[in-house]
Each structure stands twice: as structure tokens, then as C-alpha cells.
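Engineer: Dropping the structure in here first, questions after.
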Amino acid sequence: MCEQTKGLTPAHLAPRSMGGCDHPACVVPMCWLHHRAYDTGRLDLLAHLEPRWRTEIAHAVGHLGLI
């Protein structure tokens, strides 16, 4: 996203309320500002995650029962 390396928090690709987990393959590091935008639906991550985070996306989608 913004290439910040300090103060990152784990953003859950599949929300825990929907079956997501804290496994490293189910989260991506984000700064607080981008994490908040993602959580409130103002940030679409797919363009930023594909293809580098393909494994994490597949893991999260598995939790949602889409594959």
C-alpha cells in the first residue's frame, strides 16, 4: 500500500466473524490508516494483493467457503 514498515497491524482478509483466523496466511500487514479504510469498506485490497499475496487470498477465501 504505502510501503510503511513501522507501526503495522494485521488486517484480516476474512473477518474473524465470518470464520477467518489469525494464521499468518489470513492476514496482511497494514498501517493504521489503510487498515481502518479497509475495515470500513473504503479500500479494496485485491489490486494491491494480487499476485504477491495470492497464498493469503486463497487461505482467506477458503474460510469463507468460496472455494
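Engineer: Among the residues in the stretch 51-63, are any under 11 Å from the mean Cα position of the chain (by Cα), among the acidic types (Asp, Glu) and either exposed (fewer than 15 other Cβ atoms within 10 Å of the Cβ) or part of a loop (DSSP other than H, G, I, E, B) (or both)?
Structural biologist: Among the residues of the stretch 51-63, not one is under 11 Å from the mean Cα position of the chain (by Cα), among the acidic types (Asp, Glu) and either exposed (fewer than 15 other Cβ atoms within 10 Å of the Cβ) or part of a loop (DSSP other than H, G, I, E, B) (or both), which makes the answer no.
Engineer: Would you pick out the residues in the stretch 18-38 that are open to solvent by 100 Å² or more (accessible area, probe 1.4 Å) and under 12 Å from the mean Cα position of the chain (by Cα)? Break it down into steps so the answer makes sense when it comes.
Structural biologist: As a first pass, look at the stretch 18-38 and keep what is open to solvent by 100 Å² or more (accessible area, probe 1.4 Å): 18, 22, 32-33, 36.
Hits for the stretch 18-38 are ASP22, ARG36.
Engineer: Answer yes or no as to whether GLY7 is in a loop (DSSP other than H, G, I, E, B), open to solvent by 40 Å² or more (accessible area, probe 1.4 Å), in contact with a helix residue (DSSP H, G or I) (Cβ under 7 Å, 6 or more places away or on another chain) and touching a residue at least 12 places away in the same chain (Cβ under 8 Å).
Structural biologist: Working: in a loop (DSSP other than H, G, I, E, B): yes; open to solvent by 40 Å² or more (accessible area, probe 1.4 Å): yes; in contact with a helix residue (DSSP H, G or I) (Cβ under 7 Å, 6 or more places away or on another chain): yes; touching a residue at least 12 places away in the same chain (Cβ under 8 Å): yes.
For GLY7, the condition - in a loop (DSSP other than H, G, I, E, B), open to solvent by 40 Å² or more (accessible area, probe 1.4 Å), in contact with a helix residue (DSSP H, G or I) (Cβ under 7 Å, 6 or more places away or on another chain) and touching a residue at least 12 places away in the same chain (Cβ under 8 Å) - is met.
Engineer: Which number in (1) surrounded by fewer than 18 Cβ atoms within 10 Å (Cβ to Cβ); (2) in contact with a strand residue (DSSP E or B) (Cβ under 7 Å, 6 or more places away or on another chain) marks the one condition that GLY41 misses?
Structural biologist: Here GLY41 meets the rest and fails (2).
Engineer: So which residues in the stretch 44-67 are in contact (Cβ under 8 Å) with a residue 12 or more places away in the chain and closer than 24 Å to LYS6 by Cβ, if there are any at all?
Structural biologist: Within the stretch 44-67, LEU45, HIS48, LEU49, TRP53, GLU56 meet the criteria.
The values are calculated or read from the model by the stated rules, or taken from the named source; none is laboratory data. These numbers come from a predicted model, not from an experiment. Here the Cβ is made from the backbone with ideal geometry for all residues, glycine too, and neighbour counts use every protein chain on show. Ligands, DNA and RNA are excluded from the accessible area calculation, which covers all protein heavy atoms including side chains. Shrake-Rupley method; radii C 1.70, N 1.55, O 1.52, S 1.80 Å.
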